[in-house]
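The values are calculated or read from the model by the stated rules, or taken from the named source; none is laboratory data. Owing to the predicted nature of the structure, the values given are computational and were not obtained by experimental measurement. A quick note on method: Cβ atoms are made from the backbone with ideal geometry, for glycine too, and the neighbour counts reach across all protein chains shown.
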Amino acid sequence: MASPRRLSAAGWIGAAIAAVVILTALVSLVWTPHDPTVMDVANKLSGPGAAHPLGTDHFGRDTLSQLMVGARVSIAVSVVAVGLGVGLGVPLGLLAAARRGWIDEAVMRFNDLAFAFPALLTAVLITALLGPGAINAILAIGLFNIPVFARVARGAALPLWKRPFIQAARLAGRGRTRISLDHILPNIAGTLIVQATIQFALAILAEAGLSYLGLGSQPPEVSWGRMLNEAQTFLFLEPRLAVLPGLAIVLTVLGLNLLGDGLRDRLDPRLETGLETRREGG
Amino acid sequence: MPLSPVRRPARAGAALTAAVLGALALVAAQSAPTPARAAPPDALVMGMVLEPPHLDPTAGAAGAIDEVVYANVFEGLTRIGPDGAVRPALAERWTVSDDGLTYTFHLRQGVTFHDGTAFTAADAVFSLDRARAEDSVNAQKGLFEAIAAVEARDDHTLIVRLSHPQGRFLFNLGWGDAVMVAPESAGTNTVNPIGTGPFRFGAWVQGDRVELARSDTYWGEAPALARATFRFMPDPQASLAGILSGNPDAYANFPAPEGLVTLESDPRFSVVIGSTEGETILAMNHRRPPLDDVRVRRAISHAIDRPALIDGAMFGNGTPIGSHFAPHHPAHVDLTGMYPHDPDAAKALLAEAGLGPGDLSLTLHLPPPSYARRGGEMIAAQLKAVGIDVEIIPVEWAQWLEQVFRGHDFNLSIVAHTEPLDIDIYARDDYYFGYDNPDFDAVIETLETTVDPDARAALYRKAQTILAEDAANGFLFQLPKQGVWDARLEGLWHDSPVQANDLTGVRWTD
């Protein structure tokens, strides 16, 4: 066994960025400089100043407040969407690994089917069928997280079933479900956490993409993607309006990816005991 | 961007996409390239947002058809000029009998269709009979409703008998729906339009452009342009980059009002804000309680802040209206003072109708144009301020036509009614907003048979006042025509009395 590693410098940077974004989102629950939905047309497109630290948009809404609330929306959508993926995908993966046979085949072929379609395209289809809105965006993004987590959970669980301590548990007469919950799940948690971080970044990007296309959050709800969309026509006039939400998305996704990288180095058992896993997992 | 478990590539892809999102903003924000002339000085490229479904103006309601072919490819007996006045076209002159029932048109001689056949009174009889026939697919059959009989006295004299006097008859004949077509080509005009105009049809690359070429056989003065191209660019947001790069050369109606600020300060472009016939309204569905209650409609009218709306959604371009009537028309009466922006009055009216704050929750269907999407966002905020919750539902045009216009399944919607003098839509049975007032219907009925201009103006004023008193809809603003073109171009229309891009008098000046 390798000694427990510490989080890398990049990982810490990622964690710091993620913390800032989450903190901003939390602060926006209780305080924003202005109400982000209140229009003040007389002050539209005003530059950064004392009243509006990051200026205002074409309706005179405060950009900083919008960015803060946008962080909250992005995080809320992504948490629920990834939660949906974990909540349904992990049990499916555990089930497939525990039962094998036709259940495994059914779950995995369903996964293959889901992967055969580009995720964003299908998300567009889902929102087109169910109507645009934050809830449907969550559904669309969440749906595509299910096979991801099912596959990762199954892949991580399979080699464990051949390990002596699991076989011992089976000899002791414990059921497959019990073993999955008591022994498999804790041992694959690290892998899942890493995957969740990555999926979280992807979900934020997907939410921004759907909102940008007008399929996610609807006005007057605020989101980074909508801000980008609305700013598009003002690129020549007020590039700030596009650059700020763009930067917010880039930084958040970058931060989460760095954090995910760091956590993987730290948590993923396959990296710690790489040789053995590879041989057993074959 | 796949949400896949293949972790490294996916993560790289995610970071890349995110970076591109940001970088796009930065790149596009850099100063625009110097525009290269898109075409030599006898060719013009015009930008349009919507592509016509086909090219026969006598068989479709889409304004985009007229925007390509009206006065360019097809001409009528009369035409509507840039100032909205009726002018002679294929009919050189005409006389009207004293009872207003018989029109004698003297047709221009030596006119040929683009396929070489001559235009005679027989073609005119064919065109008018075809348009008003039982099985006609003309989108504006109402224009011909007064016609009792059409006959050719000789090759160049046409007699039209009406069943009742109609004040707007000559104006009606100037519409794109009333253009002259030939029996030989009428069936194929949808894909290969054959008219008598200064330009003949060249090619139609679907999804991209329609090309016209100067006709050598035109009866009038030959146009300065040898070629004209209409380019269809459905994304309004690409229009600014397009015009800055010189392709297209002109937008008769620039779809991105926010770009005008940039263009106005640029000497390479002319920005001309004119008027259109587009009354932009907040349509209210009278079939849906409580919108059948005049107090609720008045409350909504009081809640709307027109100046802020025009400033925020239209960047200051647009004239407030108080009824369904174009402010530039002589018979217009200013009723914008009837419901000034007054949230307290709105709340009081709602309370009177038994609705407290938060009791009323309405949907608002918004078609794609920015006046509707941006305007809708602002109106939702303004109604929220008087305690009405609004759920915004963005829809595409096809869905709007299906659900709102035909299906009557909506509470509120925003749309511009762009047909000229279309106040009579409020007298139609079963029109989409479901307005019904017998007094108003009577005024329109009288108007139909009134020929005297003063009496007509008085009736128009009365009709406007009734609509305003009933708060039939939320009357917002007259849609501006936001023309943008290369400053070296002249002869494009400043106003838009009909949906048309008449290129006859357009030329490059250097």
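Please specify each residue of the stretch A:46-81 satisfying the condition of being over 30 Å from the mean Cα position of the chain (by Cα) and either modelled with pLDDT of 90 or more or away from chain B (no Cβ under 14 Å) (or both). Once the filter is applied, which keeps residues that are over 30 Å from the mean Cα position of the chain (by Cα) and either modelled with pLDDT of 90 or more or away from chain B (no Cβ under 14 Å) (or both), the stretch A:46-81 yields A:GLY47, A:PRO48, A:GLY49, A:ALA50, A:ALA51, A:HIS52. Of all residues in the stretch B:365-373, one or more are farther than 18 Å from B:ASP422 by Cβ, touching a strand residue (DSSP E or B) at 6+ places or on another chain (Cβ under 9 Å) and free of Cβ contacts under 8 Å to residues at least 24 places away in the same chain.
If we keep just the residues of the stretch B:271-303 that are in contact (Cβ under 8 Å) with a residue 24 or more places away in the chain and among the charged types (D, E, K, R), which is farthest from B:LEU364 (Cα to Cα)? Checking each candidate, the answer is B:GLU277.
Table: residues versus (1) in a helix (DSSP H, G or I); (2) more than 9 Å from every other protein chain (Cβ to nearest Cβ); (3) touching a Leu at 6+ places or on another chain (Cβ under 7 Å).
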residue	(1), (2), (3)
A:PHE110	yes, yes, no
A:ALA114	yes, yes, no
A:ASN136	yes, yes, yes
A:LEU143	yes, yes, no
A:PRO147	yes, no, no
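Let's see how each residue does on (1) crowded, with 17+ Cβ neighbours inside 10 Å; (2) closer than 22 Å to B:PRO198 by Cβ; (3) among the acidic types (Asp, Glu):
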site	(1), (2), (3)
B:ALA85	no, yes, no
B:PHE113	yes, yes, no
B:ALA122	no, no, no
B:ASP135	no, no, yes
B:PHE144	yes, no, no
B:GLU151	no, no, yes
B:GLN166	yes, no, no
B:TRP175	yes, yes, no
B:ALA178	yes, yes, no
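Restricting to the stretch B:455-471, name every residue that is over 24 Å from the mean Cα position of the chain (by Cα) and not in a helix (DSSP H, G or I). B:ASP470 - this is the single residue of the stretch B:455-471 that is over 24 Å from the mean Cα position of the chain (by Cα) and not in a helix (DSSP H, G or I). On the given criteria, is B:VAL415 among the aliphatic types (A, V, I, L, M) and over 21 Å from A:TYR212 (Cβ atoms)? So B:VAL415 passes the test.
If a residue must be closer than 17 Å to B:GLN140 by Cα and either under 19 Å from the mean Cα position of the chain (by Cα) or modelled with pLDDT of 95 or more (or both), how many such residues does the stretch B:407-431 contain? Adding up the residues that qualify gives 11. In this entry, A:ARG154 passes the filter for residues that are basic (Lys, Arg), under 22 Å from the mean Cα position of the chain (by Cα) and at pLDDT 90 or above. Got at least one residue in the stretch B:213-226 being closer than 22 Å to B:GLY63 by Cα and assigned to a strand (DSSP E or B)? So far as the stretch B:213-226 goes, yes, one or more of its residues are closer than 22 Å to B:GLY63 by Cα and assigned to a strand (DSSP E or B). The residue that is nearest to B:ASP430 (Cα to Cα), among those in the stretch B:286-301 that are of a type in the set (A, V, I, L, M, F, W, C) and touching a helix residue (DSSP H, G or I) at 6+ places or on another chain (Cβ under 8 Å), is B:LEU291.
Picking from B:ASN247, B:ASN285, B:ASN253, which residue would you name as being at pLDDT 95 or above, of a type in the set (S, T, N, Q) and under 24 Å from the mean Cα position of the chain (by Cα)? The conditions single out B:ASN285.
In the stretch B:357-406, how many are in contact with a Gly (Cβ under 7 Å, 6 or more places away or on another chain) and part of a loop (DSSP other than H, G, I, E, B)? Number of matching residues: 3.
Applying the condition of being surrounded by fewer than 17 Cβ atoms within 10 Å (Cβ to Cβ) and not polar (S, T, N, Q) to the stretch B:354-383 and asking which residue is farthest from the other protein chains (Cβ to nearest Cβ) yields B:GLY354. Those helices (runs of 4 or more DSSP H) of the stretch A:156-232 in which at least 1 residues are touching a Lys or Arg at 6+ places or on another chain (Cβ under 9 Å), more than 10 Å from every other protein chain (Cβ to nearest Cβ) and in contact (Cβ under 8 Å) with a residue 12 or more places away in the chain, considering only elements entirely within it, cover A:164-171, A:176-179, A:185-212. Taking the numbered list (1) in contact with a Ser or Thr (Cβ under 6 Å, 6 or more places away or on another chain); (2) surrounded by fewer than 16 Cβ atoms within 10 Å (Cβ to Cβ) in turn, B:ALA471 passes all entries but (2). Here A:PHE115 qualifies as at negative phi and buried (at least 17 other Cβ atoms within 10 Å of the Cβ). Sub-7 Å Cβ pairs linking a first residue in the stretch A:246-269 that is more than 7 Å from every other protein chain (Cβ to nearest Cβ) to a second residue that is surrounded by fewer than 21 Cβ atoms within 10 Å (Cβ to Cβ) and not in a helix (DSSP H, G or I), at least 6 apart or interchain, are A:GLY262/A:LEU7; A:GLY262/A:SER8; A:ASP265/A:ARG5; A:ASP265/A:SER8; A:ARG266/A:ARG5; A:ARG266/A:LEU7, ordered by first then second residue.
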